[in-house]
Amino acid sequence: MISLISADEIEEGTSKGIELNNLYMFAVKKDAELFLYWNRCPHLGTPLEWEEDRFLDSDGALIICSTHGALFEIEGGRCLAGPCKGKHLRAIPFILDNGMVMVEESALRVSTPLQ
């Protein structure tokens, strides 16, 4: 297992970018639950954040793509509006172990193709 980040580093209602060996991910904490995704828009494969660690819209209710303004559900990553409507962000399976977000090394070897 690989340790990515402490869950305490992500405040409620915020997001945080994570980089590990040139792999780019981000986490969102909503209603005390964590969600972890690859940092790639399913439309063009571009990074989502509009500023460092800024993946959410102004209300903190949806994930937003900085390139075309596509909006994604935090839970599940489904695109609700924009050029990739109906597609999904790629979730990364993880566990929490002593407050740390942990992933299997094999989950990080999987390619992140556009969906």
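We did not get these values from a lab; they are worked out from the coordinates using the rules stated. Just so you know, these numbers come straight off a predicted model, no measurement behind them. Methodologically, a virtual Cβ is constructed for each residue, glycine included, from the backbone with ideal geometry; neighbour enumeration extends over all protein chains shown.
Let's see how each residue does on (1) buried (at least 18 other Cβ atoms within 10 Å of the Cβ); (2) within 14 Å of the chain's Cα centre (by Cα); (3) without any contact (Cβ under 8 Å) to a residue 60 or more places away in the chain:
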| site | (1), (2), (3) |
| --- | --- |
| Leu34 | no, yes, no |
| Cys41 | yes, yes, yes |
| Phe55 | yes, yes, yes |
| Ser58 | no, no, yes |
| Thr67 | no, no, yes |
| Gly76 | no, yes, yes |
| Ala91 | no, yes, yes |
Does Glu12 meet the test of being touching a residue at least 12 places away in the same chain (Cβ under 8 Å), assigned to a loop (DSSP other than H, G, I, E, B) and under 17 Å from Val101 (Cα atoms)?
yes
Just give me the residues in segment 15-45 being among the charged types (D, E, K, R), part of a strand (DSSP E or B) and closer than 22 Å to Gly82 by Cβ, in sequence order.
Lys30
Qualifying positions in segment 56-104 - under 19 Å from Ala32 (Cβ atoms) and among the aromatic types (Phe, Trp, Tyr)
Phe94
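One line per residue, one yes/no per condition, for (1) under 25 Å from Gly99 (Cβ atoms); (2) in contact with a strand residue (DSSP E or B) (Cβ under 9 Å, 6 or more places away or on another chain); (3) of a type in the set (Asp, Glu):
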position	(1), (2), (3)
Gly17	yes, yes, no
Tyr24	yes, yes, no
Val28	yes, yes, no
Leu34	yes, yes, no
His43	no, yes, no
Glu49	yes, yes, yes
Glu52	yes, yes, yes
Asp59	no, no, yes
Thr67	no, no, no
Take the residues in segment 14-32 that are farther than 19 Å from Ala107 by Cβ and within 13 Å of the chain's Cα centre (by Cα), then tell me which one is surrounded by the most Cβ atoms within 10 Å (Cβ to Cβ).
Ser15
Hey, among the residues in segment 15-32 that are small (Gly, Ala, Ser) and free of Cβ contacts under 8 Å to residues at least 60 places away in the same chain, which one's farthest from Leu56 (Cα to Cα)?
Ala32
